[in-house]
Amino acid sequence: MEERNNGCAAAGEDGIQLTCFSEESDGDVLLHYQIIRLQKQIYVWIGCNSASLGHLYAAVPTRPSNAVGVTSLIGGASDNTGFGIARRLVLKTGLNVVLACNLPKNNPLLEANAEKKLVQKLISLGYTKP
């Protein structure tokens, strides 16, 4: 896997941080990522071979049970690519997560690789819980 920085890294005075990068996965698939860190929330876009939005999910931690609530904002219920990623991101970060996911729905290995690379980047940025 080769990571490419798209020159999209910025931190505003209001605490908003923007990170973009691309990565080759499985030799021929190019994955694109955009992470926007807000005060108590992160927005993540994962795209594969195209810049379209894909399915959009919102996930939030619930209290007092420490469970995660996830809903699909854009996209059908028959394609849950990204649903699990959004849920696990909340568990790893403790933040509200909005995830746009444009990955092929019948490729669980690609989805797992995309999530693994995303989590590695979130750890390196300091967005995960200790």
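The values are calculated or read from the model by the stated rules, or taken from the named source; none is laboratory data. Predicted, not measured: the structure shown is a model, and the values here were computed from it. Heavy atoms of the whole protein, side chains included, go into the accessibility calculation; ligands, DNA and RNA do not. Shrake-Rupley method; radii C 1.70, N 1.55, O 1.52, S 1.80 Å.
Mind checking the per residue accessible area of the chain for me, 1.4 Å probe, whole number of Å²?
54 Å²
With the full set of protein chains in place, find how many percent of the accessible area of the chain is carbon and sulfur; take the probe as 1.4 Å.
Ligands and nucleic acids excluded, carbon and sulfur give 52 percent.
Just to be sure I understand: of the beta bridges DSSP finds with both ends in the range 26-109, what percent are antiparallel, rounded to 5?
If I count the DSSP bridges inside the range 26-109, around 70 percent turn out antiparallel.
Calculate the radius of gyration of the Cα atoms of the range 18-114 to one decimal place, then report Dmax, the largest Cα-Cα distance, as a whole number, both in Å.
Final numbers for Rg and Dmax: 13.2, 44 Å.
Around residue 100, which amide H atoms from residues at least 5 apart in sequence, or from another chain, sit under 5 Å from its own amide H, with H modelled in the peptide plane?
Counting only residues 5 or more places away or on other chains, the set is 44, 45, 46, 57.
Which whole-number value in Å³ per residue fits the convex hull of the alpha carbons of the range 36-90?
Looking at the range 36-90, the number lands at 90 Å³ per residue.
Taking a 1.4 Å probe, which of 22, 124 shows the most accessible area, and what order do the others take after it?
So the residues, ranked largest to smallest area, are 124, 22.
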